[in-house]
Amino acid sequence: MPNIRLRRKLVLLGVAIFVLAGGAVFGWWAMGSPGDLELLRPYAAKYNYSQLLANLQARGPAPDTFSFVVFGDSRNNTFVASKVFEQAAKENPAIMFHTGDLIRGGTVAEYLENFLPLLEISGPVPVFCVPGNHERGERRDFAAYDAIYGGDRFSFDYGSCRFMGFNASEIVRVSSDDLEFLDRELSKPGVQYKFVFFHIPPAYFEEVAIGDEDPRGFTWKASAFRALLAKHKVNEVYMGHIHGYASAVIDGVRYTLSAGAGAPLSDRLPEEARIYHLLVVHVSPGGLSQELVHLVPGTLDWTRRTIY
């Protein structure tokens with residue numbers, strides 16, 4: 001009998017510990033880390049989407065000829081990422097775009113130590129980002145990202161171009177709400193060129209662009225997404241997630257993977273595509289052109305080639 005009582009007490013004690021621990025975890029999840037997020041407030045005032053757009057508009061009307069830069073997946077490799085940001089600044093762009101995975105774990109400390117200092121390199125040039133899967137954070141709610149940028153979507157016109165970005169790193173990569181957002185923004189008249197930015201590519205891009213027999217990209221609503229981009233004659237889609245460079249034209253829309261700003265390069269790509277790089281897009285009355293600017297493997301020397 002004493003042994004039975006002892007076992008019961010131990011079981012009850014174990015249950016109590018489990019409940020208390022579970023309550024503590026739930027309390028942490030529910031309360032978050034408001035003190036930590038508060039550390040991002042000064043940066044939010046400088047880098048949220050609204051402020052970035054205000055800074056861009058404060059320069060006055062867009063010139064007929066300008067350039068913008070695209071890169072992605074810096075993911076805490078500050079050595080390579082700083083080289084990419086430095087080269088991007090030398091290109092004298094009007095705007096920069098980051099295709100996601102700014103950091104590795106989505107924490108406030110990582111933003112403060114590994115990403116926000118990179119934005120100082122770009123100086124007054126606004127850097128519009130979209131969240132990657134590594135921005136989710138421990139609670140999978142993109143809390144630190146949202147604290148800085150004030151949301152996970154943007155849409156604005158600059159000169160003859162419309163730029164749109166959205167969060168394709170949620171559990172549901174592309175939702176009905178995302179499709180409505182894109183359809184609404186792409187339907188607006190007044191621009192000649194349209195560009196869309198998001199992080200995780202659709203499976204059909206992986207099949208076409210990198211010949212992946214086991215694509216890991218999204219398939220849910222992918223057909224509707226593909227049709228929508230074609231319907232609105234989007235000029236180019238920019239994505240990240242698979243670390244390196246790849247590009248393909250699908251249904252008249254160019255899909256480009258730019259994910260070589262520091263994260264370990266992916267062996268899912270051909271060797272020649274495993275490069276640290278950035279893209280420079282030139283906009284002029286004569287049309288669009290694009291250059292791939294990349295580090296020569298094993299060196300810190302930059303080289304470039306024309307894509308179109």
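A few notes on this one:
- For the residues V253, V249, V234, the requirement of being farther than 27 Å from E135 by Cβ and of a type in the set (A, V, I, L, M, F, W, C) singles out V249.
- Number of the exception - V70 against (1) crowded, with 17+ Cβ neighbours inside 10 Å; (2) of a type outside the set (S, T, Y); (3) at pLDDT below 95: (3)
- Contacts under 7 angstrom Cβ, first residue in the range 138-166 being among the β-branched types (V, I, T), partner surrounded by 20 or more Cβ atoms within 10 Å (Cβ to Cβ), 6 or more apart: I148/L40; I148/Y47; I148/Y111
- The range 210-228, subset under 21 Å from the mean Cα position of the chain (by Cα) and more than 25 Å from F154 (Cβ to Cβ), residue most open to solvent (accessible area, probe 1.4 Å): R216
- Residue within the range 99-121 that is within 19 Å of Q290 (Cα to Cα) and buried (at least 19 other Cβ atoms within 10 Å of the Cβ) present: yes
- Long-range neighbours under 6 Å by Cβ, at least six apart or interchain, first residue touching a residue at least 60 places away in the same chain (Cβ under 8 Å) within the range 43-60, second open to solvent by 60 Å² or more (accessible area, probe 1.4 Å): N48/G150; Y49/G150
- Taken over the range 147-192, residues that are among the hydroxyl-bearing types (S, T, Y), within 19 Å of the chain's Cα centre (by Cα) and not in a loop (DSSP other than H, G, I, E, B) amount to 2.
The values are calculated or read from the model by the stated rules, or taken from the named source; none is laboratory data. Note that the structure is predicted; figures quoted are calculated from it, not measured. Using ideal geometry, Cβ is built from the backbone for each residue, glycine included, and neighbour counts are taken over all protein chains shown. With ligands, DNA and RNA removed, areas are computed over all heavy atoms of the protein, side chains included. Shrake-Rupley method; radii C 1.70, N 1.55, O 1.52, S 1.80 Å.
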